[in-house]
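Colleague: Provided herewith is a single structure, encoded as structure tokens, for subsequent inquiry.
Since every read-out is calculated from the coordinates, none of them should be taken as a lab result. The shown structure was predicted, so the numbers you read here are calculated from the model rather than taken from an experiment. All Cβ positions, even for glycine, are placed from backbone atoms using ideal geometry, and neighbour counts span all protein chains on display.
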Amino acid sequence: MDPKEIIEQLQLLTQQFVASLQNQSTEQAIRDLQAAYLSKKGKVGELQTSLGQVEPSQRKEVGQAFNKAKQTIVQSVTEAIDGLVKRAEEAYLNAHFDVTLPGRAPAQGHMHPLSIVMYDIVDVFTSMGFDVAQGPEIETDEYNFAKLNFPDDHPARDMQDTLFIEEGKTLLRTHMSPVQIRSMLERPLPVQVVAPGAVFRRDDDPTHSPMFFQIEGLLVDKGIHFGHLKGVLNTFLYQIFGEDVQTRFRPSFFPFTEPSVEVDIQCIYCKGKGCRLCSQTGWIEILGAGMVDPNVLEGVGIDSEMYSGFAFGLGVDRVAMLKYEGITSIKLFYENDPRFLERFRR
């Protein structure tokens with residue numbers, strides 16, 4: 001077949017394609033037209049089968065003509081589809097966009113309920129002169145247990161209770177009391193600190209989580225007695241739950257305090273009558289406290305004959321569940337469901 005004739009046919013097919021392209025109003029129609037020309041059985045594809053009849057010395061010229069025709073068709077298809085998209089966008093904007101309407105304000109974030117409660121608690125204690133102290137989440141057995149007067153066979157040291165990194169050496173802190181030890185070792189007397197932070201235990205049920213938040217406090221000075229402890233804790237509880245809340249102090253035991261107490265508040269929902277929340281007792285346990293054991297003071301180099309102190313600890317999650325009625329599981333605080341968290345927007 002004559003090369004010039006093939007090239008002329010290619011030019012004619014290209015012109016026909018470009019002309020037909022103007023009549024297509026959808027992307028699918030444009031793609032179908034492209035296939036009608038460039039597929040193996042398309043017009044350009046069928047013509048390409050005649051390339052084998054061309055003399056070898058002339059095939060380069062004819063091949064370049066085929067490439068040019070295909071490039072022209074592909075480029076025309078791209079431009080046509082881009083034109084469709086642009087016209088569709090303009091039509092949408094003209095039909096639906098009103099530049100006089102006010103813009104949509106982006107949703108604003110807010111503090112997590114546990115953060116709200118934690119800051120509220122810390123604010124109460126700092127208003128009474130306590131400093132905020134921090135410490136590492138990965139602790140040594142010495143600071144987490146030994147210096148707090150825990151005996152070697154205490155159940156808290158068992159693997160089923162504590163998340164050990166290296167058994168007998170390092171672990172994820174199980175309470176904020178190690179920060180109290182570090183504060184007594186690092187700060188000059190008197191020491192008056194409150195330590196908020198995350199703690200870790202092998203717990204996993206509706207009322208417990210393997211990670212939760214605690215706040216512990218410590219005051220060590222000359223002449224500190226149980227009356228000071230009771231006054232500080234009552235002031236705190238009145239600030240958080242209201243001045244009409246009733247409190248009681250029950251004898252208890254902790255390795256690092258002596259004497260030790262559990263502090264309860266009268267049920268804030270039934271007012272002492274008994275309900276499901278308070279297990280029909282009328283009281284809810286809120287925190288543990290006591291006078292710092294002399295062994296703990298001596299262990300950090302403080303003369304227990306000259307100095308005394310008190311310590312306390314409470315769970316932020318527990319306080320939050322009491323402040324916000326209707327929370328049935330502590331895990332709701334950690335699931336990050338926006339429907340739940342939106343309740344706490346201030």
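Colleague: Enumerate by residue number the chymotrypsin sites (Phe, Trp or Tyr not before Pro) in the range 13-110 meeting two conditions: DSSP loop (anything except H, G, I, E, B), and at most 14 other Cβ atoms within 10 Å of the site's Cβ. Mind showing how you got there, number by number?
Modeller: Working: sites: Phe17, Tyr37, Phe66, Tyr92, Phe97; in loops: Phe97.
Taking the range 13-110 and a limit of 14 other Cβ atoms within 10 Å, the loop chymotrypsin sites (Phe, Trp or Tyr not before Pro) found are Phe97.
Colleague: Write down Rg/Rh for the chain, rounded to two decimals, with Rg from the C-alpha atoms and Rh from the Kirkwood relation over Cα pairs. Show your work: numbers first, answer last.
Modeller: Details: Rg = 38.7 Å, Rh = 26.8 Å.
When Rh is taken as the Kirkwood radius, the ratio is 1.44.
Colleague: Among the aspartates and glutamates, which have Cα under 17 Å from the Cα of Lys41 when same-chain residues fewer than 8 positions away are ignored?
Modeller: Correct list for Lys41: Asp32.
Colleague: Using Cα pairs closer than 8 Å and at least 6 residues apart in sequence, work out the relative contact order for the chain, in percent. Don't jump to the answer; show the numbers that get you there.
Modeller: Details: 481 pairs, mean separation 48.7, N = 346.
The normalised contact order for the chain reaches 14 percent.
Colleague: Follow-up. Could you tell me the center-to-center distance, by alpha carbons, between the range 93-120 and the range 297-346 in angstrom?
Modeller: Cα centroid to Cα centroid, the span is 30 Å.
Colleague: Please build a GNM for the chain, connecting alpha carbons under 10 Å apart, and tell me which residue among Leu233, Leu33, Leu148 fluctuates the most.
Modeller: Its mean-square fluctuation being the largest, the pick is Leu33.
Colleague: Treating the beta-carbon of each Lys and Arg as +1 and of each Asp and Glu as -1, no other charges, what is the dipole magnitude of the chain about its Cα centre, to the nearest 20 debye? Let's see the in-between values first.
Modeller: Details: 34 positive and 47 negative charges, 292 e Å.
Using only the charged Cβ atoms, the result is roughly 1400 debye.
Colleague: Then there's this: Given the range 177-243 reduced to its alpha-carbon atoms as identical point scatterers, what log10 I(q)/I(0) does the Debye formula return at q = 0.26, 0.27, 0.28 Å⁻¹?
Modeller: Values, matching the q order: -1.10, -1.12, -1.15.
Colleague: Putting +1 on Lys and Arg Cβ atoms and -1 on Asp and Glu Cβ atoms, find which of Thr174, Ile330, Val232 reaches farthest to the positive end of the dipole of the chain.
Modeller: With unit charges placed on the Cβ atoms, the residue in question is Ile330.
Colleague: In debye, nearest 20, what is the charge dipole magnitude of the range 3-96 about its Cα centre with +1 on Lys and Arg Cβ and -1 on Asp and Glu Cβ, if you could check? It would help to have the intermediate numbers written out before the result.
Modeller: Working: 11 positive and 11 negative charges, 56 e Å.
Using only the charged Cβ atoms, the result is roughly 260 debye.
Colleague: For Lys40, list the aspartates and glutamates whose Cα falls under 12 Å from its own Cα; do not include residues on the same chain fewer than 8 positions away.
Modeller: Within the straight-line limit of under 12 Å, Lys40 reaches no aspartates and glutamates at all.
Colleague: At 0.36 nm per residue, minus the direct Cα-Cα distance, what do Thr78 and Leu93 gain on full extension? Give it in nm, one decimal, please.
Modeller: Working: separation 15, 0.36 × 15 = 5.40 nm, distance 2.27 nm.
Gain on extension, Thr78 to Leu93, equals 3.1 nm.
Colleague: With the chain treated as a Gaussian network of Cα nodes joined by springs under 10 Å, which of Val77, Val191, Val263 yields the largest mean-square fluctuation?
Modeller: Val77
Colleague: Among Lys331, Lys222, which comes first, then next, by fewest other beta-carbon atoms within 10 Å? Walk me through the numbers before you get to the answer.
Modeller: Details: Lys331 15, Lys222 11.
Fewest-to-most Cβ neighbours within 10 Å comes out as Lys222, Lys331.
Colleague: At 7 Å along the Cα-to-beta-carbon direction for both Arg345 and Ile165, put a label point, then send me their distance in nm to one decimal.
Modeller: 4.0 nm
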